[in-house]
Each structure stands twice: as C-alpha cells, then as structure tokens.
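The values are calculated or read from the model by the stated rules, or taken from the named source; none is laboratory data. Remember, predicted model here, so these are calculated numbers, not experimental data. For neighbour counting, all protein chains shown are included, and Cβ atoms are generated from backbone atoms with ideal geometry for every residue, glycine included. The area values use the complete protein model at the heavy-atom level, side chains included, leaving out ligands, DNA and RNA. Shrake-Rupley method; radii C 1.70, N 1.55, O 1.52, S 1.80 Å.
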Amino acid sequence: MDNGSLTETFPGLDLDFLGPKSSGKVRDIYERDDQLILITTDRLSAFDHILGLVPFKGQALNQLAQFWFEETRDIVANHFLESPDPNVSIGRKCRPLPVEVVVRGYISGVTKTSLWYRYSQGERLIYGMEFPDGMTKNDRLPQPIITPTTKAEKGGHDELITSREIVEKGLVEADLWERVCDAALALFARGQEMAARGGLLLVDTKYEFGLAGDGELLLIDEIHTPDSSRFWTETSYEELLAGSAQKEGKGMERLEPENYDKEFVRLAYAERGYIGDGQPPPLAADLAAQASRRYIGCYEFLTGRPFVAGETPVADRVAGTLRTRFGRQ
C-alpha cells in the first residue's frame, strides 16, 4: 500500500461558508439544518488532552467508523448518512446522552478510569462491581461488562459512574438506559466476532448514544475505531498467555500484547511517567509515525480492504469538496 508521506497532517480548517464551527478533541463540526457535518482531523487525544497530529489518522477513523455503522445497523440505528470525502461524514442531528458507555472484555488500561488502574491501586469494588483478588493485568473477564463514565466538559476529565447512579441522578431514564446497555453489549459482541476474522481481539470500547427528534435511539460519534477502542493481535495475546514472552528476569509480570490503537501512545507516555496529570509532553514525530502505521493497519485488519490515502493537501481537498456541496446553498 502506498500511503504517501507520513509527514502530511491535517489539523483542521475553518470553513466560513458553513457557518459557525464547534470543535471536539478530534472533529470539527458544522450544523446544516437537521444535519451535522463532521470533519475528522489528524488530532490525537489521550488523557483528555490533544497530544499532537498523526498522519492519515482522520481518514482512517472516518472510513472505519463508516464501515462499522453500515455493519451494525441491524442492531441499533445510527446517525451516519453519507461520507462525501474520506475525512468527512454527514450525520443526523440529535440530543446526545450525557454519559459514555464503555464496554470491557479484559481488565486492562493505564488511564485513571481504566479497570486495571483502579484494581492495581487496591480497589475491588469498581463501577459498582466486585472483582476478586489475584487478577493479572490483561486477564480476560468472564463476560463483557459495562463501565460508564460521565462526559467531561472541555478541559476536564471523564469520571467513573455506576449504572445505578446514572438512573438515580436522572441522567438517563431506567428503561432507556436498559436499551442502551442491551445495544452496547450486542455491538461489542458483533465487534469481537468481526475483529477475530482479521486476527484482532476487541479489548474494550466506548460508545456514545443520542436521541433523534422523534425519540429514536441512535448510535453516534464513532464505533470500533482505534480512538474509541483497543485491539490486540490474537497471536501476541496467546503467546503471552503461554508464557513465551516472560524473559529477561521479568518473572511473572505479563508484557503487553501487540496493539493496534492509541493505547500504543498511552503506554509510551506512561513509560515516561505521564498518566494524565498536568500538561502532557508534545507527541514526538517518530511516535506519531508509528501510530499512523497502526491506525492504517487497524483499518486494513478490520475491513479486509487496503487503505488508499486521499489526495493531499487534505485541507484543500476537504474545503473543495464541501464548497462544491454546500457553498452555494
């Protein structure tokens, strides 16, 4: 695959002809009537901070999310309508629910909301669930579990919350929350099944939901991308379980499986002592290039399709596409 130079990046752009812009951590968003124009940039967010830019990340995310939205419509409706550009999606406008639905199949992670971090600090009651002593990082859970978090305001951190608290605080009504949880677990099962075809394990993931104007429940944002999910290669995980990677005096400490997601970047930062407190160091160019290859690889493993980079400069291409589509309306 010729994916061009790994120095080309897309930080975002301002398109006055589309009206006011709002920006998330990764996407620039414009509103047109009852639709949203979602422009996926190359910004990489981790630990609730934007660390830097990763070449072709935006295209890989946008096209992979499109793939999954099409593959899961039979489980729950979603906001995706069309993609006029490799970095752009058009979606239905809706009212987002005020929580993020995190489904976990393994006890892992380095962020302060992750299961393994809380467990390693001695907690055994996490997200309202009891965990036994003696678990090891990256152990598979008996069954996937839902560990929700609040949605942080800009610059803030997501916080742990239990399903019971979500209902008791009136964030989501009980019957709607039950529907959300059922959909999330079904989506995760589909994701695990399809990831296995590409030799990957879906470790955990984040889903976001919203309500359309008519009250229909919609899956929104993105699904099963390297930003919202973590993937390990099945072979590397099996090797670790077999103990083939226990060497150089590490005893029974388990090393990390090979991953195809932004956990690769989180782990690199954690090795330098940063897990989210204070301002993070900038994303190094070599780490950004390695992350780019993993994002592209994840797309290819999951879809079974070669990644074909769009024309560059990305900003000029996106602006031209959207000006043709919306500039004269």
Pairs, please: C-beta under 9 Å, at least 6 apart or cross-chain, first residue open to solvent by 90 Å² or more (accessible area, probe 1.4 Å) and in the stretch 274-285, second among the hydrophobic types (A, V, I, L, M, F, W, C)?
-> D277/F47; P282/L51
Considering every residue within the stretch 11-19, establish whether at least one is at pLDDT 95 or above, open to solvent by 20 Å² or more (accessible area, probe 1.4 Å), part of a strand (DSSP E or B) and not β-branched (V, I, T).
-> no
Could you please let me know if L38 is part of a strand (DSSP E or B), in contact (Cβ under 8 Å) with a residue 60 or more places away in the chain and assigned by the TED database to the domain that holds P281?
-> no
Give me a count of the residues in the stretch 258-273 that are in contact (Cβ under 8 Å) with a residue 40 or more places away in the chain, among the aliphatic types (A, V, I, L, M) and under 25 Å from E300 (Cα atoms).
-> 2
Could you list all residues from the stretch 205-216 that are open to solvent by 10 Å² or more (accessible area, probe 1.4 Å), assigned to a strand (DSSP E or B) and not basic (K, R)?
-> E208, L211
Please go through the stretch 254-263 and pick out each residue that is surrounded by fewer than 19 Cβ atoms within 10 Å (Cβ to Cβ) and not in a loop (DSSP other than H, G, I, E, B).
-> none
For residues that are charged (D, E, K, R), more than 15 Å from R95 (Cβ to Cβ) and in a strand (DSSP E or B), scanning just the stretch 25-35, find the one that is nearest to the chain's Cα centre (by Cα).
-> R27
Examine the stretch 293-309 for a residue that is at pLDDT below 95, exposed (fewer than 13 other Cβ atoms within 10 Å of the Cβ) and among the basic types (K, R), and state whether such a residue exists.
-> no
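Return the only residue of K206, K262 being touching an Asp or Glu at 6+ places or on another chain (Cβ under 8 Å), within 30 Å of E173 (Cβ to Cβ) and of a type in the set (K, R). Quick ask: steps written out before the conclusion?
Values: K262 fails: within 30 Å of E173 (Cβ to Cβ).
That would be K206, the only listed residue that is touching an Asp or Glu at 6+ places or on another chain (Cβ under 8 Å), within 30 Å of E173 (Cβ to Cβ) and of a type in the set (K, R).
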Which of the residues belonging to the stretch 113-130 are surrounded by fewer than 18 Cβ atoms within 10 Å (Cβ to Cβ) and either among the charged types (D, E, K, R) or in contact (Cβ under 8 Å) with a residue 12 or more places away in the chain (or both)?
-> S120, E123, R124, G128, M129, E130
Any chance the stretch 55-72 includes a residue that's touching a residue at least 12 places away in the same chain (Cβ under 8 Å), under 17 Å from the mean Cα position of the chain (by Cα) and part of a strand (DSSP E or B)?
-> no
Within the stretch 148-157, identify whether any single residue is open to solvent by 70 Å² or more (accessible area, probe 1.4 Å), outside any loop (DSSP other than H, G, I, E, B) and either touching a helix residue (DSSP H, G or I) at 6+ places or on another chain (Cβ under 9 Å) or at pLDDT below 95 (or both), and answer yes or no.
-> no
Just give me the residues in the stretch 20-30 being within 18 Å of N62 (Cβ to Cβ) and open to solvent by 20 Å² or more (accessible area, probe 1.4 Å), in sequence order.
-> K21, S22, S23, G24, K25, R27, I29
